[in-house]
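So the structure is just underneath, and the comments pick up after that.
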Amino acid sequence: MLTNNDRRVGVLVACFAATLYLALLVAAFGIISLVTDAEVIVGPSRGLFLGPAMVAATVVAVLLEFVVSARFRPAVTSRVSVVRAISIGLVAYLSYLVAGGVLVAVGTGTVAAAVFVGQIALTPFAAAVAILATLTTIVSEVAIAYRSRNRDRPRWPWERDI
């Protein structure tokens, strides 16, 4: 059974993990763009709002997955679920594509949205969205698993009993 303290710590770790995910996405998009000399958003006249909105939708989806898991997981376990991490990576990838498709469909039409989603689905930017969500999930689960084993606060070496 989860205690209120376990839930609070889980939600706190979820917020930090989502922030880490956003920072990693911004860095990865910048590096990929520099290395490949490609734009993050392909196609003319997409505007300045589309890319940040797609990233925001992805970060919100990942944050919601983390918070729901932290609040309603039946027990704090000391195992890291790779299947769960991959599924969150898939959720992030799909939310990135769906957000882009919906926003382009609202702006220009459904045919243009389908073409846009097809163009961005196989880019290294979309792959980075999924891979970084998976890695961030693994890191956050390792942090929670470490905390479940070590209930005591961290201590400096001179505070430990000899």
*To the nearest 10 degrees, how steeply does helix 124-149 sit against the main Cα axis of the chain, on a 0 to 90 scale?*
10 degrees
_the chain - charge dipole about Cα centre, Lys and Arg +1 at Cβ, Asp and Glu -1, debye rounded to 20_ = 660 debye
_Helix axis angle, 82-107 relative to the chain longest principal axis, alpha carbon, degrees_ = 30 degrees
*Kirkwood hydrodynamic radius over Cα pairs of the chain, then Stokes diffusion coefficient at 10 °C and 1.306 mPa s, in µm²/s*: 92 µm²/s
*For the chain, find the longest principal axis of its Cα atoms and tell me its angle to the long axis of helix 4-36, 0 to 90°, nearest 10.*
40 degrees
*Can you give the extra length, in nm with one decimal, that the chain gains between ALA143 and LEU94 once fully stretched, where that is 0.36 nm per residue apart less the Cα-Cα distance?*
15.1 nm
*Length gained when the stretch ARG155-SER87 is fully extended (0.36 nm per residue, less Cα-Cα span)*: 20.9 nm
*Tell me the trypsin sites (Lys or Arg not before Pro) within the stretch 59-122 that lie in a loop according to DSSP and have at most 10 other beta-carbon atoms within 10 Å.*
ARG79
*When ranked by the protection proxy of mean other Cβ atoms within 10 Å per residue, highest first, what sequence do the peptides 94-104, 31-41, 109-119 form?*
94-104, 109-119, 31-41
*Add -39500 (n - 2.57) for each DSSP H run of 4 or more in the chain, then divide by its residues: what number comes out at 222 nm, to the nearest 500 deg cm²/dmol?*
-26000 deg cm²/dmol
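Read-outs: derived from the displayed coordinates by stated rules, not from any lab. This is a predicted model, so every value here is computed, not measured. FYI the Cβ positions are ideal-geometry reconstructions off the backbone, even for glycines, and counts take in every protein chain you see.
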